[in-house]
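Contents: one structure, followed by commentary.
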Number of protein chains: 2
Amino acid sequence: MKPPNPKASPRKTRGPKAQKVDTALLLDAAQRVFSASGIKGASIRAIAREAGCDPALIYYHFESKEAMFLALLDRKLPPLAQDLEFIAEASNLEPTYLRLWKISRVYRRHFSRDTGFRAVLRGQIVSGTEGAKEAIARHIQRAARCNWAIIEQGIQRGDLRPDLNPRMTGFFLVRMFMEIFDLVPAFSERITQMPGEQALVATERAWFELFWRGVAVPPVSALPADLFSVE
Amino acid sequence: MKPPNPKASPRKTRGPKAQKVDTALLLDAAQRVFSASGIKGASIRAIAREAGCDPALIYYHFESKEAMFLALLDRKLPPLAQDLEFIAEASNLEPTYLRLWKISRVYRRHFSRDTGFRAVLRGQIVSGTEGAKEAIARHIQRAARCNWAIIEQGIQRGDLRPDLNPRMTGFFLVRMFMEIFDLVPAFSERITQMPGEQALVATERAWFELFWRGVAVPPVSALPADLFSVE
DNA sequence: TCTCCATTTCAACAACTGTTGAATAGTGTG
DNA sequence: CACACTATTCAACAGTTGTTGAAATGGAGA
């Protein structure tokens with residue numbers, strides 16, 4: 001039995017009836033490969049394999065891997081910022097603790113399925129090209145401004161300590177939620193002695209309670225029992 | 001003018017009088033390359049170039065890149081755990097706030113120069129091989145146990161809230177310091193509107209104050225003014 | 001019909017990679 | 001002296017990579 005003749009494999013058609021690959025599918029594939037292998041460790045061919053297309057197509061749609069990474073940011077971060085802007089409207093008269101909790105729900109909605117990607121983002125923040133750092137900073141700034149505004153309003157309304165630095169406080173609130181989304185799934189048994197999703201929920205609550213005690217006026221103002229059911 | 005004849009380059013000597021490269025130097029080089037490029041993106045040849053040796057030497061000393069990564073953990077994390085074990089001794093009668101602050105000083109001492117490496121560690125926690133995850137978990141567990149013990153002792157001494165989960169609380173305390181070490185240098189102007197080192201110090205203090213308010217009994221028990229000078 | 005355009009694939013090239021076995025160079029021991 | 005051992009380099013191989021230009025394919029419009 002002779003082995004299959006490689007020259008006999010059917011040639012894929014090109015042009016309009018070729019396998020259609022839109023850029024969203026390419027970006028999804030890139031995200032998966034970046035998450036598994038880092039940006040440098042993610043080869044164009046691995047991304048193409050993941051997307052089920054020819055590597056040259058990536059060059060047709062994007063200039064480089066970095067351009068793909070930036071496109072992923074451009075796809076992901078503006079909707080997050082929009083959701084935050086909604087909460088941060090000055091006309092929003094919801095209680096401050098509720099607004100802060102809703103911030104965390106926004107981050108959870110937009111990031112909870114991006115486990116490996118966040119390590120990649122951090123790597124780029126710390127060791128990436130200036131272009132990447134600048135783009136990340138720009139996007140994060142837009143989201144962060146909303147968080148600062150909510151905290152400032154909380155201070156003005158007398159709900160939060162007047163000595164708080166809104167930028168730092170926003171950083172603490174958000175970064176800890178991101179840590180929780182990243183690490184608790186991997187380490188749930190060790191951190192909480194509870195399994196999976198239960199661990200995540202319990203840790204989020206414990207964090208928000210600690211945070212609230214740390215920032216609230218008067219000290220230890222109570223959080224209502226149904227807060228944590230708000231999605 | 002003819003170009004230099006590549007065959008005429010001097011051959012490097014081998015054997016005992018060859019350029020001496022000990023494994024510490026290899027690991028330093030690996031850490032730098034891992035930090036810049038991730039583990040997958042770090043080629044053996046790049047590490048060898050960074051170390052100034054032949055790539056085959058890496059195979060002489062280590063089985064693989066992963067083995068190098070694990071050796072880096074083995075080098076770095078036990079001294080950290082040892083320092084924490086010293087603070088966590090049950091006979092240590094220092095005030096609880098001081099012991100918690102000292103925890104942060106230990107992490108600062110051992111990790112403050114490893115900026116890119118922490119993203120690599122996180123990537124391995126989330127997406128690494130089972131071997132890497134297990135090794136990381138083992139090391140982190142040893143350190144984390146000290147943190148839990150200190151928090152438990154704080155609860156027993158009536159300094160900390162009795163409803164705190166020591167594991168979660170330890171996680172919050174430490175992870176936020178790690179976030180601060182990683183991200184504040186990169187984003188100091190945006191987070192604090194202060195430059196570099198000043199931003200780091202100010203953010204650490206703000207975090208510890210918030211944390212302390214969140215965990216202390218009675219609420220808002222005061223931290224002494226000279227705490228933050230403790231290194 | 002022909003031309004243009006958009007999209008996708010093919011093919012190829014130079015460079016890089018991981019890895020291996022052999023060679024080299026000393027030292028110590030019997 | 002010969003041999004064994006250690007540490008380092010050289011050379012080579014097969015495989016993978018990034019990237020590019022050309023080719024193929026269909027649809028739309030003149």
Of all the helices (runs of 4 or more DSSP H) wholly in region A:20-91, which have at least 1 residues that are among the aliphatic types (A, V, I, L, M) and either under 18 Å from A:ILE125 (Cβ atoms) or touching a Gly at 6+ places or on another chain (Cβ under 8 Å) (or both)? A:23-41, A:65-88
Those residues of region B:160-192 which are open to solvent by 50 Å² or more (accessible area, probe 1.4 Å) and more than 7 Å from every other protein chain (Cβ to nearest Cβ), in sequence order: B:PRO162, B:ASP163, B:PRO185, B:GLU189
Taking the condition charged (D, E, K, R), within 22 Å of the chain's Cα centre (by Cα), away from DNA strand D (no atom under 13 Å from the Cβ) and surrounded by fewer than 18 Cβ atoms within 10 Å (Cβ to Cβ), does A:ARG99 pass? no
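Can you confirm whether region B:17-32 contains a residue that is surrounded by 18 or more Cβ atoms within 10 Å (Cβ to Cβ), more than 16 Å from DNA strand D (Cβ to nearest atom) and within 14 Å of chain A (Cβ to nearest Cβ)?
Yes, region B:17-32 contains a residue that is surrounded by 18 or more Cβ atoms within 10 Å (Cβ to Cβ), more than 16 Å from DNA strand D (Cβ to nearest atom) and within 14 Å of chain A (Cβ to nearest Cβ).
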When region B:131-166 is examined, which residues are found to be closer than 21 Å to A:ALA199 by Cα, part of a helix (DSSP H, G or I) and more than 19 Å from the chain's Cα centre (by Cα)? B:ALA149, B:ILE151, B:GLU152, B:PRO166
Do we find that A:ALA186 is within 19 Å of the chain's Cα centre (by Cα), in a helix (DSSP H, G or I) and within 22 Å of A:ASP114 (Cβ to Cβ) in this structure? yes
Considering only residues that are assigned to a helix (DSSP H, G or I) and touching a residue at least 60 places away in the same chain (Cβ under 8 Å), look in region A:121-130 and name the one that is surrounded by the fewest Cβ atoms within 10 Å (Cβ to Cβ). A:GLN124
Within region B:68-92, which residues are open to solvent by less than 30 Å² (accessible area, probe 1.4 Å) and within 16 Å of DNA strand C (Cβ to nearest atom)? B:MET68, B:PHE69, B:ALA71
So A:ALA48, is it out of contact with any Pro (no Cβ under 8 Å at 6 or more places or on another chain), within 13 Å of DNA strand C (Cβ to nearest atom) and not charged (D, E, K, R): no
Considering residues that are surrounded by fewer than 17 Cβ atoms within 10 Å (Cβ to Cβ) and either of a type in the set (S, T, N, Q) or facing another protein chain (nearest Cβ under 8 Å) (or both), the number found within region A:193-213 is 2
Residue among B:ARG45, B:ARG105 that is among the basic types (Lys, Arg), within 16 Å of DNA strand D (Cβ to nearest atom) and at pLDDT 90 or above: B:ARG45
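The values are calculated or read from the model by the stated rules, or taken from the named source; none is laboratory data. Only a predicted model underlies this, so the values are computations on that prediction, with no experimental measurement involved. Don't worry about glycine lacking a Cβ; one is built from the backbone with ideal geometry, like all the others, and counts go over all protein chains shown. Surface accessibility is based on the protein's heavy atoms, side chains included, excluding ligands, DNA and RNA. Shrake-Rupley method; radii C 1.70, N 1.55, O 1.52, S 1.80 Å.
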